[in-house]
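Enquirer: Take this structure first; my questions come after.
Laboratory data are not the source of any read-out in this text; all were calculated from the coordinates shown. Remember, it's a predicted structure, so these values are computed and weren't measured experimentally. Cβ coordinates were reconstructed from backbone atoms using ideal geometry, including for glycine residues, and neighbour counts include every protein chain displayed.
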Amino acid sequence: MGLASKLNFVRDRLTECFFWTVRVVSQPQLRHCRKVLTKVASFVTTIDDIYDVHGTLDELESFTDVVQRWDLGTVENMPYYMELCFLAFYNSINEMAYETLRDHGQNILPYLRKVVRIANWANSKHIPTFQEYLENAWLSVSGHLCLVHTYFLQRTNITIEALHSLEHYHDVIRCTAKDELERGESASASAITCYMNETGAITCYMNETGCSEAMAYQHINDLIEDYWKKLNKCYVDGSPFSKHNIETAINLARISQCIYQH
């Protein structure tokens, strides 16, 4: 896409992004899936840097609005670097939707647009409760974005039941994303303000409960164990997704643990 060469403030992490996809989807025949997921992960890194490093508050509010509207007619007043990023992102998402409609007869654009939502707290000094943090930040770590794309890239038979579960964020998606979020204190990604990045789940919980840092970490570890149990339960008991899809979600949780803890 050439974004890294045009946006010199963006981290060029192509190899790292591909490493993630190899661990999440390792089957040799799924090379196209890895290619698209690498592109998605690269976009996540790029947009993360726009929010955390480069953009002004006014620019970020404008960018958020354009992404939510998903309308090319609204990009003309954005800075060049944002216009470039959004057009590349827009074209890539629409291309995937077109290929799925062509090959499988299913229009997945509404589902892709939903997971592209940018979670956003206003630039204020509001310290969220721990639950507020989890309910907003699990979207921003982009685990659900990866899993929804993976489902469509792997499936030849897309079911209505699975689409409904994707739209309402089945436990497989929520548990994986929250597990990923809680691996690191600063694991939140795009559109959580710098203030929120510095605060993190640990500090939110300490502020709310008055407990020590050690107790907060223990609470986070207990939650991670609970999410692992829920993921395993989905695998054993069944869900609208195939065992293969759930294994993909579990692989994402595993690579998150590898990266954030080790």
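Enquirer: Cross-link list LYS114/LYS230; LYS39/LYS233; LYS39/LYS230; LYS35/LYS230: which exceed 26 angstrom alpha carbon to alpha carbon?
Expert: LYS39/LYS233; LYS39/LYS230; LYS35/LYS230
Enquirer: A further question follows. Based on the Cβ-Cβ distance of ASN221 and GLU16, what FRET efficiency does E = 1/(1 + (r/R0)^6) give at R0 = 30 Å, to the nearest 0.05?
Expert: Computed FRET efficiency for ASN221 and GLU16 comes out at 0.70.
Enquirer: To continue, here is another question. In sequence order, what are the phi-derived ³J(HN,Hα) couplings for the range 60-68 according to the Karplus relation 6.51 cos²θ - 1.76 cosθ + 1.60 with θ = phi - 60°, rounded to whole Hz, with x for glycine and proline?
Expert: Once θ is set to phi - 60°, the couplings for the range 60-68 become 5, 4, 5, 5, 4, 5, 5, 5, 5 Hz.
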